[in-house]
Amino acid sequence: QNHHPRRMENLGPNLDPEEAAEALRRAQGKLAAGDLDGAKRFAEKSERMNPTNAAQALLKSLDDLIEFRPGTKWAKAVERILEASDHYAVLGLTPEAVSADPSAPKQKYKRLALEVHPDKNKAGGAEAAFKKLNEAHETLSDSKKRREYDGGGGGRADEGGGGGGW
């Protein structure tokens, strides 16, 4: 039986605290340099060699950073809301859709709130996106507030109505 010596670390912890500490230092260096994937590889190596609370904590942080980094579905959900031009765009609705189905803002809000709630979404801007989502929901779910937002007579602000928008 031929075992490659470098493959031994994959067979279980070898409990080498010095080598594990070095791998953890390299993971932290990679993280500081912005290399999340490299940092995760070294943190996993450290954890395999000598499981520690520090390595476990770093792995948890890296998992969150990787999951919520720019370009992921979580970050895109936040970005879409923050870039929305008005309350209708925040909820992905049209004034006609809300007129036809007054429950539409609540339904869209429930789905989007799950995506951008700061307790679930750690992407940058999630808190601001959630506040903007709440404001859009509160305005468009209430017929009086919606009329005021639309400019009083049903016309939107960008149609000369005088309300709404950011």
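Miscellaneous remarks
- Applying a threshold of 31 Å to the alpha-carbon distances of Lys30/Lys131; Lys30/Lys108; Lys108/Lys144; Lys30/Lys120; Lys120/Lys145; Lys73/Lys106 flags Lys30/Lys131; Lys30/Lys108 as lying beyond it.
- Computed FRET value (nearest 0.05) for Glu18 with Ser61, which takes r as the C-beta separation and R₀ as 35 Å: 0.90
- If R0 is 45 Å, the Cβ-Cβ spacing of Ala54 and Ala113 corresponds to a FRET efficiency of close to 0.80.
- Prolate/oblate/rounded call for segment 50-151, Cα gyration tensor, a/c under 1.5 rounded: prolate
- Fully extending the segment from Arg80 to Glu96, taken as 0.36 nm per residue of separation minus the present Cα-Cα distance, adds 3.7 nm.
- Percent of C-alpha pairs per 10 Å bin, segment 63-107, short to long: 26, 35, 26, 11, 1
- Contour excess over end-to-end distance, with Cα ends at Glu127 and Lys73 and 0.36 nm allotted per residue: 17.8 nm
Since every read-out is calculated from the coordinates, none of them should be taken as a lab result. Just so it is clear, the model here is predicted, and its values are computed rather than measured. Cβ sites come from the backbone with ideal geometry, for glycine too, and all protein chains shown count toward neighbours.
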